[in-house]
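Colleague: Here it is, the structure in full.
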Amino acid sequence: MSWLTKTRFSHLALFVSMLLPFDFPILANAQEAPPVQVYLQQDKMNWEQQPYIENGSTMVPMRALFEKLGFTVTWEQSTQTASAKKGDLTLTLTINKGTASVNRNQYNLEVSPKIKDGSTFIPLRFVSEAAGADVTWNEATRTVNIGFPTANPEQQIRKLIDNMAQSSSFTQTAMSITEADGIKKNELNVVNVAMDANGAAANVTFDASFTVSKAVKNSGGITISPTESVVYQFKCQVYKDSAGQWLLSSSTSGMTYELKDKKPFMDAQ
């Protein structure tokens, strides 16, 4: 029995030793991932504290990013809230809070701002896109590119409307209009951008489709199920501020709207 135990132990030790050469390089490769590189308008950004990836979001030092994008930053220590202002655009983010505001509208964040190694880190994509930039990620090189779109006003306005439609404020507006208990945003289509004579303001018309869910009582209790598909047409005003940014003139709740189409959910499938 003693010989059998020693033999089994020897075989186990040999098996483990065979695995080790394969395990260690894998761990080393994971730890040796190259640092995240960020380029703004093709210029490489340098950081005192390095950016990092959390749950798929690139987190970067707050003040450095805001200042590179042209914002002036103020910090409220008592609430741990940062306010960044550029022209008429104000972004507000709070440490460990899952929402942020862009002027009058609220947005949900995939990753909350946080303090790490004494510095405040914020989600790069959210802040950059709120400032009107395009953000792309290259997985092979772990590189983020931030660029501003063409100066074509209509394209900038369309981007503004697309970004607004991602806000939780717009979702709440849609739920209020449809009296929904749950809602899914489907398609958004900018129908018309009517510029004023000075080219500094515009009236925008866009269609947005939703799947509306409502609470339904049944033998098992209450469930929230899709009941209908709707299309609403919204109208809003936008303007160009002193910093050259296109912004909404009001919150999402201030937009006018009308129902364009409505059908039972199953008929829309």
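The values are calculated or read from the model by the stated rules, or taken from the named source; none is laboratory data. Predicted, not measured: the structure shown is a model, and the values here were computed from it. Virtual Cβ from ideal backbone geometry, glycine too; neighbours counted across all protein chains shown. Remember, those area values only see protein heavy atoms, side chains included, never the ligands or the DNA or RNA. Shrake-Rupley method; radii C 1.70, N 1.55, O 1.52, S 1.80 Å.
Colleague: Please enumerate the residues belonging to segment 110-124 that are within 14 Å of the chain's Cα centre (by Cα) and part of a loop (DSSP other than H, G, I, E, B).
Modeller: Glu110, Val111, Ser112, Pro113
Colleague: Still on this structure: Could you check how many residues of segment 228-242 are open to solvent by 50 Å² or more (accessible area, probe 1.4 Å) and either farther than 17 Å from Ala202 by Cα or among the basic types (Lys, Arg) (or both)?
Modeller: Residues flagged as open to solvent by 50 Å² or more (accessible area, probe 1.4 Å) and either farther than 17 Å from Ala202 by Cα or among the basic types (Lys, Arg) (or both) within segment 228-242 amount to 2.
Colleague: Among what's in segment 84-109 and is touching a helix residue (DSSP H, G or I) at 6+ places or on another chain (Cβ under 8 Å) and part of a loop (DSSP other than H, G, I, E, B), pick the residue that is least open to solvent (accessible area, probe 1.4 Å).
Modeller: Leu109
Colleague: Still on this structure, please answer the following. Please go through segment 190-200 and give me each residue that is surrounded by fewer than 13 Cβ atoms within 10 Å (Cβ to Cβ) and either in contact (Cβ under 8 Å) with a residue 60 or more places away in the chain or of a type outside the set (Gly, Ala, Ser) (or both), ordered by number.
Modeller: Hits for segment 190-200 are Val191, Asn192, Asp196, Asn198.
Colleague: Any residue in segment 80-98 that's closer than 21 Å to Ser251 by Cα and of a type in the set (A, V, I, L, M): show its pairings with residues that are in a loop (DSSP other than H, G, I, E, B) and open to solvent by 40 Å² or more (accessible area, probe 1.4 Å) at Cβ separation under 8 Å, as long as the two are six or more apart or on different chains.
Modeller: Pairs that qualify, where the first residue is closer than 21 Å to Ser251 by Cα and of a type in the set (A, V, I, L, M) and the partner is in a loop (DSSP other than H, G, I, E, B) and open to solvent by 40 Å² or more (accessible area, probe 1.4 Å), are Leu89/Asn103; Leu89/Ala243.
Colleague: Sticking with this structure for a sec: Residues in segment 255-268 that are within 20 Å of Asn189 (Cα to Cα) and either surrounded by 18 or more Cβ atoms within 10 Å (Cβ to Cβ) or without any contact (Cβ under 8 Å) to a residue 24 or more places away in the chain (or both): how many?
Modeller: Of the residues in segment 255-268, 2 are within 20 Å of Asn189 (Cα to Cα) and either surrounded by 18 or more Cβ atoms within 10 Å (Cβ to Cβ) or without any contact (Cβ under 8 Å) to a residue 24 or more places away in the chain (or both).
Colleague: Could I ask something else about it? If I ask for residues that are under 25 Å from the mean Cα position of the chain (by Cα) and hydroxyl-bearing (Ser, Thr, Tyr), which ones from segment 228-269 would you list?
Modeller: Tyr232, Tyr239, Ser249, Ser250, Ser251, Thr252, Ser253
Colleague: In segment 203-214, is there at least one residue being at pLDDT below 95, open to solvent by 20 Å² or more (accessible area, probe 1.4 Å) and either in contact with a His (Cβ under 6 Å, 6 or more places away or on another chain) or basic (Lys, Arg) (or both)?
Modeller: Yes, segment 203-214 contains a residue that is at pLDDT below 95, open to solvent by 20 Å² or more (accessible area, probe 1.4 Å) and either in contact with a His (Cβ under 6 Å, 6 or more places away or on another chain) or basic (Lys, Arg) (or both).
Colleague: Which one of Ile222, Ile177, Ile161 is within 17 Å of Val102 (Cβ to Cβ) and in contact with a strand residue (DSSP E or B) (Cβ under 9 Å, 6 or more places away or on another chain)?
Modeller: Ile161
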